[in-house]
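Shown next, in structure tokens, is the structure this report addresses.
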Amino acid sequence: MALPRGGRLAAAALLLALLLAGATAPTGAAAQACANRVRNCDPSRNYFTNRVKPIAHATTIRGLRYTNTYVDVTIAALEGKPPIRYRFVRCGCRAPSSGRVVISIPPAAVYVGDTSTLSQVALEIRALNTVAVIGNVFSTYSPEVRRRVAAGRIRSLIPSAAEFSPKYARLLDASVTGVSGSRAPLLALIPSRAIKPFRAAVGNRLRFVTSGELDEVTPLGRAEYVKFFGIVLDRSGTADRAYDTIVRRYGAAKRLAAGARRRPSVLTGFPFGGKWNQPGEKEYAARFLADANADHRYQSNGKVLATTLSGAQIVRQFGSAEVWVNAGLYPGSPSLTLDELLADDPKLSNAVFKKLRSVQCGRVWSNQRQVSPDGLANNYFEEGAVRPDKILSDLVRLFHPNVRVPGTFNYYYWLGRPSGLKCPTSNLFG
């Protein structure tokens, strides 16, 4: 039986509303709570007056496009997984999904699973008040975050130092997360490696946003993810200014290094389980050494991945290296001496360490200047992961002591001279 004209119009309106509602989220996915809701959203009005500049260095952030009510971004190359196409919609507005993952922004509350992302959120875009839950307080350096966890203002998904893997199902329990009412459900910011276990634990009951920063092979590429998180948390202006500062300071440090009189040879890292990794030419860590104007044996090997060496191979290939960086023990210490390092494992020291010219001449540096009181968290991997300008400035200072770099050391410190060893070179940097 045909409906009367008024009934047909009402049915059409209802169908359109259902289609629009269904288009704003993937089927079966729970909508996360958002903040600063727009009343009576007008699609002709621009709700993104602060916009990040075009992506310049990050190769995995693609297709950035603004409209009046939403922002499209594609995150590609997530550790070999298919790209994720996001549509970030202003809270209170509607937009068709067009096959994208739709997220309402800004979120009312977030879970932050990775310490580098936490540093982006807390320090660079100043959105710590949005953080309700973090992955692991024991691997977090930030004193402010630790204070908030101790005060119950932020929860830690991992409640004990004896646990290592987060149980994501806990994010569904308000008694665990402290997130309820208008702030629930929260939005999860997770690293790409966590996508599979996260989905297995919570299904479609929580939305998540992930990034491809670990697939970036350049320091400035990784740091540019501050723009992505600026979009997600509606801090685009702050994110843009933060990134401009990083690029400017990184470039200044690189130019100072390029003007140095000589390039010292370098060994990096520390052995674990009898194996010692050295970065390939196209690896993230190698770019720091190149931009700091240091000479690494593998700087032209064309490899993306690190090369794993034995102690004997390290002695043969890097025994004459003038400087050793990123040495240290775990738990970390900001006051470890070279003698203490050598005494920790006498067998390894006699077989390897004491045969290195960098050790004999006391040119060993640790990146543990800023570690938590228990030594479990290192700010080099937290803030340093998103502030490559600070890391590069440190490396230029220690590789080129005659170059005047503004400021003081951020993450590195010198382990001092060894006892009972003779340096074969009278003036290593002469």
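Please enumerate the residues belonging to segment 230-280 that are of a type in the set (Val, Ile, Thr) and either under 30 Å from residue 344 (Cβ atoms) or touching a strand residue (DSSP E or B) at 6+ places or on another chain (Cβ under 8 Å) (or both). Selection gives 231, 232, 266, 268. Residues in segment 334-353 that are of a type in the set (S, T, N, Q) and either touching an Asp or Glu at 6+ places or on another chain (Cβ under 7 Å) or farther than 13 Å from residue 417 by Cα (or both): 335, 349, 350.
The criterion of at least 1 residues that are of a type in the set (S, T, N, Q) and surrounded by fewer than 21 Cβ atoms within 10 Å (Cβ to Cβ) is met by the following strands (runs of 3 or more DSSP E) wholly inside segment 255-328: 276-278, 307-309, 323-327.
Would you pick out the residues in segment 89-118 that are part of a loop (DSSP other than H, G, I, E, B) and either within 20 Å of residue 182 (Cβ to Cβ) or of a type in the set (Asp, Glu) (or both)?
Hits for segment 89-118 are 91, 92, 93, 94, 106, 108, 109, 114.
Within segment 335-352, being surrounded by 14 or more Cβ atoms within 10 Å (Cβ to Cβ) and under 21 Å from residue 380 (Cβ atoms) holds for 336, 337, 338, 341.
Looking at this structure, is residue 345 at pLDDT 95 or above, in the same structural domain as residue 321 (by TED's automatic domain parsing) and out of contact with any strand residue (DSSP E or B) (no Cβ under 7 Å at 6 or more places or on another chain)? Judged against the criteria, residue 345 is a match.
Does segment 392-401 contain at least one residue that is surrounded by fewer than 16 Cβ atoms within 10 Å (Cβ to Cβ) and in contact (Cβ under 8 Å) with a residue 24 or more places away in the chain? First the steps, then the outcome.
First, pick out the residues of segment 392-401 that are surrounded by fewer than 16 Cβ atoms within 10 Å (Cβ to Cβ): 401.
If we keep only those that are in contact (Cβ under 8 Å) with a residue 24 or more places away in the chain as well, we get 401.
Yes.
Does residue 70 fit the bill of being over 21 Å from the mean Cα position of the chain (by Cα), under 26 Å from residue 43 (Cα atoms), modelled with pLDDT of 95 or more and surrounded by 23 or more Cβ atoms within 10 Å (Cβ to Cβ)? Judged against the criteria, residue 70 is a match.
Somewhere in segment 234-250, is a residue part of a loop (DSSP other than H, G, I, E, B) and crowded, with 18+ Cβ neighbours inside 10 Å? Break it down stepwise before answering.
Applying the first criterion (part of a loop (DSSP other than H, G, I, E, B)) to segment 234-250 yields 234-235.
From what is left, the residues that are crowded, with 18+ Cβ neighbours inside 10 Å are 234-235.
Yes.
Within segment 351-366, can one find any residue that is within 32 Å of the chain's Cα centre (by Cα), of a type in the set (D, E, K, R) and within 22 Å of residue 265 (Cβ to Cβ)? So far as segment 351-366 goes, yes, one or more of its residues are within 32 Å of the chain's Cα centre (by Cα), of a type in the set (D, E, K, R) and within 22 Å of residue 265 (Cβ to Cβ). Put simply, of 330, 411, 380 the only residue that is aromatic (Phe, Trp, Tyr) and at pLDDT below 95 is 330. Residues that are touching a residue at least 60 places away in the same chain (Cβ under 8 Å), in a helix (DSSP H, G or I), buried (at least 23 other Cβ atoms within 10 Å of the Cβ) and on the phi < 0 side of the Ramachandran plot: does segment 354-371 have at least one? The answer is yes, given that some residue of segment 354-371 is touching a residue at least 60 places away in the same chain (Cβ under 8 Å), in a helix (DSSP H, G or I), buried (at least 23 other Cβ atoms within 10 Å of the Cβ) and on the phi < 0 side of the Ramachandran plot. Of note, residue 156 does not satisfy the criterion of being more than 22 Å from residue 204 (Cβ to Cβ), touching a residue at least 24 places away in the same chain (Cβ under 8 Å), buried (at least 17 other Cβ atoms within 10 Å of the Cβ) and not assigned by TED's automatic domain parsing to the domain that holds residue 332.
Selection of segment 74-88 for residues being of a type in the set (Val, Ile, Thr) and either buried (at least 22 other Cβ atoms within 10 Å of the Cβ) or not in a strand (DSSP E or B) (or both) yields only 75. Does residue 121 fit the bill of being in contact with a strand residue (DSSP E or B) (Cβ under 8 Å, 6 or more places away or on another chain), part of a strand (DSSP E or B) and not polar (S, T, N, Q)? Considered against the rule, which asks whether it is in contact with a strand residue (DSSP E or B) (Cβ under 8 Å, 6 or more places away or on another chain), part of a strand (DSSP E or B) and not polar (S, T, N, Q), residue 121 comes out as no.
Which residues, counting only those in segment 158-184, are outside any helix (DSSP H, G or I) and within 18 Å of residue 131 (Cβ to Cβ)? 158, 159, 166, 173, 178, 179, 180, 184 - these are the residues of segment 158-184 that are outside any helix (DSSP H, G or I) and within 18 Å of residue 131 (Cβ to Cβ). Against the test of being within 21 Å of residue 59 (Cβ to Cβ) and either among the hydrophobic types (A, V, I, L, M, F, W, C) or not assigned by TED's automatic domain parsing to the domain that holds residue 114 (or both), the options 176, 226, 202 yield a single qualifying residue, 226.
Residue 126 - would you say it is of a type outside the set (S, T, N, Q), within 23 Å of the chain's Cα centre (by Cα) and within 17 Å of residue 105 (Cα to Cα)?
Judged against the criteria, residue 126 is a match.
The values are calculated or read from the model by the stated rules, or taken from the named source; none is laboratory data. Quick caveat: nothing in here was measured; it's all calculated off a predicted structure. Note that each Cβ is placed from the backbone with ideal geometry, even for glycine, and that neighbours are counted across all protein chains shown.
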